[in-house]
Every structure is written in C-alpha cells, then in structure tokens.
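Have a look at the structure below before the remarks.
Here, each number is a calculation from the coordinates, and none is a lab measurement. Quick caveat, the model's predicted, so the values are computed rather than measured. Here Cβ is always computed from backbone atoms with ideal geometry, including for glycine, and neighbour counts include all displayed protein chains.
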Ligand code: TRH
C-alpha cells in the first residue's frame, strides 16, 4: 500500500465543482475528495449540482463518507455568501477552472491559516498528454488587481509523466484489484463464453463497425445507461447473432471500476473513465469529449504518442474520434491480445510513478513552508 506524502497536520480543504454536463466534473472531484479524506484531511465539497452523487457515491448527503461534507454552491448568485459559522479553509481547490467568486474566496480563504502558514489557492485543470502540460504544471498566476490583489492562484495539471501532476489513484487500488475475482463477477451476472465489452461513450460513428469485428462477434456488451445506451440504440441497428447486449445500470464508482476490471475490452470516454481504464489494465479504447474546433484530435494524438501506440490501436482510436483517414484494420483476437498486453504495459509504466494526491500534497506542503509566492 502506498503512503502519501506526510502532511504535518491534516488540512481543511474547500473543493469547488461546477457541473457543466456529463459526469466527469463531479466524478474527478469526488475521487479527489475521497482520496483527501482517506489521507486524513477534512474536506468540504461545494457543488452546484450534487444529483449524480446519489448513484456515484450513495450516502453522500447522509454523511456516509467520513471527513467529507457536501455543501450547495450557489455559483450564479452574486449575493450568496458562505455560511459564516464554518471555519475557513487552508487550501481552496477550483476544479476545471470553475472560478469561485472573489468575494467568496476572500471570505473562505484568509491569506494565513490558523497555523500561521500561507493558505493555498489552486486550480485543478483538465487532463491531457500534450507536451505543454509539463510547462504549465505548477505555474503561479499572481492577482494584480481587485479585492484579491497580492494573492496567487496556482495551476495544477494532471498528466502522464513525472513532470506533471500525475493521475488520481487510490492508495488501496492494488489491494482491491488483487482481491477482485473477475470470474466470480462474470458468473454472478450469468456468465458468457465470448469476450465481455464495457461501453461508456458519447456517439462514436464507428461504433457499429466495432460491433461487427471478428473478435467481438460473440461478445457480451454492457452498455452504460444514459447517453451511451441512447447512442447504441441510434447507431447500432444490428448485432451479430451470437452477441448479447444489455444496458448496464449506473453504479457507484467502485462498482464501475470493477466492471472495467472484469471486461476484456473497455470503451471509455472523457477524463475519469480513461484513467480508470488505465488502472484496469484491460484492453481499452477512448472516445474524447468532442470539441467544436477538433481540439480533442490534438489531445488524442498526444496520448497515442505517449503510449507509443501500435498502428491497429491508433487507427481504431482515430476512427472512434472521427479523425479522417483510412478505415481501421480488422479487430481479430490476436489484435485484441496485443491491445491487452499494451494496456498492461501502460498500467505498469504509470504505477511506477507517484499518484496525483501524493504530488498535490507535496506541492501544498512546499508552498506552505516556502511562502505562497515561491516557485514550485
Ligand atoms: O461523463 P464524462 O463524459 O465527463 C466528461 C469529461 O470529464 C470531460 O473531460 C469533460 O469535459 C466533460 O465531461 C464535461 O466522462 P468521465 O470523465 O469518464 O466521467 C464519468 C464519471 O462517471 C466517472 O467518474 C465514472 C463515473 N461512472 C460511475 O461512477 N458509474 C457508472 O455506472 C458510470 C457509467 C460512470
């Protein structure tokens, strides 16, 4: 079991989440809150729409998670002020540039914490394998004007290399994985002889082509409820006779992880489920959150370069992300085996690095002890 960077004392964290759409904002934020609490910190999650937590982390509103309290964040109400009776924070985290109002920051985050050390204001950014991430990770943004002039906001970028903020990984992940019995998981769901495929995607035009691939003719398809199941109904008119398709219910994050550990191929999307597929170490394909200017294509190429992607895998990833080009090659059992080996290799590469929480705690520790204006 990995030990996280020792913080001299547990800190009080205010973590802010604006749910834009889908579940990645809340999914990543919740994993961060859980991991902070598991490391002994006290966490207040301020969120403008907590509804997805009801299935992703049941019991949140009933106080089931020690160390975490969930608070409504009236983000769009300029007159709203935080409850006065709550102690101020030592660290304030804005996730994905969600921007906390100046007056709110001033009220929640005094320049100095109770222990006399500087408080810290961080922005946890989106995940990307692009090279600029290494240059941007840990940069300060000093505020020169307005009510917060003289304060500094720091940018913390997750990433795939040691020079970035790393990836979220629970300290008990390997223990949980070692105790997991994929065969028992499958037989509890009625068993199936062919490969198992988990589908969590947007609307990839290449989905019907994937379904017809030789390695997947007799697959059991577990299609996540919601947008993925709707996409399947629209895009996949027919499935091979030996295939079996079902809508997989939305389940808590830990159970979703187990689904990925049990399947032979995981189609994942966005940000958090990509990381979970990496930790699962089963063959996977990724559909990125589509952006109007095709910025996601550069993100995809960066990931393929980081992974040293073999041609068949790169071609399928490009097809699933609507990158123009030649159609992907047949997905045979041999190709699937090659992807599985690659997934294992990437998992090992990442396991050899420290995780995001370890790097975040080290960063906070350094800044608090060096003074808030020191370079990272
Ligand atoms: O839901 P997403 O498409 O979120 C996306 C991305 O984060 C993207 O970067 C962002 O810009 C966009 O939203 C607005 O995919 P993602 O990131 O994988 O988040 C899904 C979360 O839902 C993840 O934490 C796993 C969780 N989940 C479960 O816990 N149980 C389930 O049954 C399913 C299907 C998902």
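Things worth noting here:
- Cα shape, segment 173-351, gyration tensor, a/c 1.5 rule: rounded
- Segment 1-122: C-alpha gyration tensor shape, a/c 1.5 cut-off, then a/b vs b/c: oblate
- Residues within the reach of a label modelled at residue 305 (point 7 angstrom out along Cα to beta-carbon, backbone nitrogen below 15 Å), restricted to segment 106-136, are 128-136.
- Relative to the longest principal axis of the Cα atoms of the chain, the long axis of helix 311-320 makes an angle of roughly 70 degrees.
- Nearest 10 degrees, 0 to 90: helix 253-262 Cα axis against the chain principal axis: 30 degrees
- Separation of alpha-carbon centers, segment 195-234 and segment 254-332, rounded to whole Å: 13 Å
- Gained length - residue 354 relative to residue 233, 0.36 nm times residue gap less alpha-carbon distance: 39.5 nm
- For the chain, fraction of C-alpha pairs farther apart than 27 Å, in %: 50 percent
- Residue-averaged [θ]222 nm for the chain, counting only DSSP H segments that reach four residues, each worth -39500 (n - 2.57): -10500 deg cm²/dmol
- Neighbour counts of other Cβ atoms within 10 Å put 109, 267, 235, 139 in the fewest-to-most order 139, 235, 109, 267.
- Pairwise FRET efficiency - residue 86 versus residue 246, Cβ, R0 = 35 Å, nearest 0.05: 0.20
- Cα long-axis angle, helix 24-38 against the chain (0 to 90 degrees, to the nearest 10): 60 degrees
- Residue list for segment 254-293, given a label point 7 angstrom along the Cα-to-Cβ vector of residue 175 and an amide N cut-off under 11 Å: none
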